[in-house]
Amino acid sequence: MARLLVTGGAGFIGSNFVHHVIEHTAYEVIVLDKLTYAGNRASLAGLPEERVSFVQGDIADGGLVDDLVTAADAVVHYAAESHNDNSLSDPQPFLNTNIIGTFTLLESVRKHGTRMHHVSTDEVYGDLALDDPARFTEETPYNPSSPYSSTKAGSDLLVRAWVRSFGVAATISNCSNNYGPYQHVEKFIPRQITNVLRGHRPKLYGDGRNVRDWIHADDHSSAVLSILENGRIGETYLIGADGERDNKSVVEAILTLMGLPADAYDHVNDRAGHDMRYAIDYTKLRNELNWHPLYRDFERGLQATIDWYRTNEDWWLPAKAATEALYARAGQ
Ligand code: NAD
Ligand code: TDX
């Protein structure tokens with residue numbers, strides 16, 4: 001395996017993965033990315049041109065996908081419409097990219113016999129009650145809540161069907177909430193950090209009791225690489241890092257780390273259908289592939305992320321005003 005085709009490699013997690021691959025392996029990478037509002041070429045700046053090439057295009061473009069799959073030894077599929085709030089205001093792009101785009105990739109890897117890893121989310125499992133001792137496992141039934149998570153669930157099921165019916169050599173991972181550098185300012189943690197950096201107050205949906213299970217994007221990357229290299233074909237692996245936190249305490253931690261009173265935030269309208277809690281049991285990944293997260297101290301990871309946004313204003317400022325204008329329209 002020498003050359004990887006990485007879809008969505010100009011997005012948050014995809015670009016973190018490309019940086020990780022360049023630092024930790026000898027692979028070459030072809031990035032295929034449509035550069036939607038969420039994609040940013042600057043996220044790949046500084047990477048060696050002899051190992052990373054970039055193609056702007058749509059994963060639903062069968063001809064283009066076929067050409068690129070032919071040139072690759074494996075496909076790592078990150079491209080997606082990824083934001084729940086957007087899926088509530090305009091679901092259509094989620095169907096086009098998450099469903100039709102994944103189908104297009106599957107047809108191409110089927111034709112060429114190419115190894116594929118499909119990157120998905122824990123949101124396909126729905127949510128857990130706050131007092132439920134359970135966490136998601138690979139056996140948890142699918143029960144998605146939003147247009148985003150239902151299209152991700154649909155894409156996972158397509159992958160499973162193409163493995164079983166056509167013998168496609170694919171694996172799937174379902175990861176919990178990521179944080180780290182290069183995350184779009186629409187998402188929870190960067191939105192609050194950049195609000196504070198702009199002199200504005202953080203915005204908490206509802207009462208803030210909702211729990212997310214945080215993992216650093218670099219740990220997600222090492223897990224995906226490990227599954228790509230050593231995972232069993234046809235298997236699903238959950239990825240997490242024992243990072244359960246409620247949203248209120250995350251906002252308070254950001255404010256405290258940035259030298260402000262912990263209660264200097266606003267409560268805003270809640271998200272429709274807001275999932276209460278996600279929690280990942282990654283025993284299978286740990287036991288089968290001996291994978292472990294490196295970022296175990298959330299406050300330290302958060303501080304490094306705050307520092308990154310502080311020193312990379314050029315990267316995020318162009319998207320900030322438009323993002324906040326959309327939220328303002330929703331009372332958020
Ligand atoms: P993102 O929105 O930051 O990036 C998505 C990238 O895909 C962008 O660069 C965008 O331009 C590109 N893209 C969108 N539509 C495309 C298309 N039709 N063709 C080609 N490129 C297209 O998303 P992210 O947060 O980096 O998520 C990446 C993947 O990881 C997604 O599949 C998502 O479901 C999954 N995931 C995300 C998280 C998280 O916490 N963010 C957690 C688990 C899984
Ligand atoms: O301003 C905000 N205030 C707030 O309280 C925003 C943007 C969010 N929230 C809440 C909603 C969620 O409970 O914070 C939590 C995290 O929100 P998001 O960053 O929008 O993430 P989430 O909806 O949990 O989904 C994320 O993790 C799973 C990614 O966006 C998905 O792509 C991934 O599949």
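The values are calculated or read from the model by the stated rules, or taken from the named source; none is laboratory data. Bear in mind that the values here come from a model prediction, so they are computed numbers and not experimental data. Note that we place each Cβ from the backbone using ideal geometry, even for glycine, and neighbour counts take in every protein chain shown. Remember, those area values only see protein heavy atoms, side chains included, never the ligands or the DNA or RNA. Shrake-Rupley method; radii C 1.70, N 1.55, O 1.52, S 1.80 Å.
The table for this structure:
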read-out: Placed amide H near I215: partners under 5 Å, 5+ positions off or other chain; value: N177, N178, Y179
read-out: Cα gyration tensor shape of the chain, rounded if a/c is under 1.5, else prolate or oblate by comparing a/b with b/c; value: prolate
read-out: Rounded if a/c under 1.5, otherwise prolate or oblate - the stretch 22-76, Cα gyration tensor axes; value: oblate
read-out: Computed helical MRE - 222 nm, the chain, DSSP H runs ≥ 4 contributing -39500 (n - 2.57), nearest 500; value: -12500 deg cm²/dmol
read-out: Note, ³J(HN,Hα) from phi for the stretch 296-309, Karplus 6.51, -1.76, 1.60, rounded to Hz, x at Gly and Pro; value: 9, 9, 4, 4, 5, x, 5, 4, 5, 5, 4, 4, 4, 5
read-out: H83, H112, ranked by accessible area, largest first (probe 1.4 Å); value: H112, H83
read-out: Gyration tensor verdict on the stretch 111-211 (Cα atoms; rounded if a/c is under 1.5, prolate if a/b is larger than b/c, oblate otherwise); value: oblate
read-out: Partner aspartates and glutamates for K248 [C-alpha distance under 12 Å; skip if fewer than 8 residues away on the same chain]; value: D207, D263, D266
read-out: Rounded to the nearest 20 debye, dipole of the chain from Cβ charges on Lys, Arg, Asp, Glu; value: 200
read-out: Whole-angstrom gap from the stretch 260-305 to the stretch 50-104, using each part's C-alpha centre; value: 26
read-out: Local electrostatic count, H24, Cβ distance below 12 Å [Lys/Arg +1, Asp/Glu -1]; value: -3
read-out: Spatially proximal lysines relative to K34 (Cα-Cα < 26 Å; intrachain offsets below 8 disregarded); value: K111, K152, K187, K320
read-out: Amide hydrogen neighbours beyond the local backbone of I239, cut-off 5 Å, H modeled; value: N174, C175, S176
read-out: Solvent exposure, largest accessible area first (probe 1.4 Å, DNA, RNA and ligands not counted), of R245, R135, R191; value: R135, R245, R191
